[in-house]
Amino acid sequence: MKMKIKKDFDAVKFMREKRDKISKDIADMDYKQIKEYFARKKERILPGIHEKDDIK
């Protein structure tokens, strides 16, 4: 019999929750709005990094 391990953090559950939240957020958006949504998310995650400005 397999022993079930109690995890403090479940990566699969976390990923599914994030995916469901994003799906809910973008459900009624058109292509341009979705593109802007992800651009804002990228700016929050990677502050100060711009598309072509930092490429050397």
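Computed values, structure above
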{"read-out": "Cross-chain or 6+ apart pairs with Cβ under 9 Å, segment 18-43 first and touching a residue at least 12 places away in the same chain (Cβ under 8 Å), then part of a helix (DSSP H, G or I) and among the charged types (D, E, K, R)", "value": "Tyr37/Asp25"}
{"read-out": "Given (1) basic (Lys, Arg); (2) in a helix (DSSP H, G or I); (3) loosely packed, with under 10 Cβ neighbours inside 10 Å; (4) modelled with pLDDT of 80 or more, index of the condition Arg44 fails", "value": "(4)"}
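The values are calculated or read from the model by the stated rules, or taken from the named source; none is laboratory data. Keep in mind that what you see is a predicted model, and the values were worked out from it rather than measured. Every residue, glycine among them, receives a Cβ derived from its backbone with ideal geometry; neighbour counts consider all protein chains shown.
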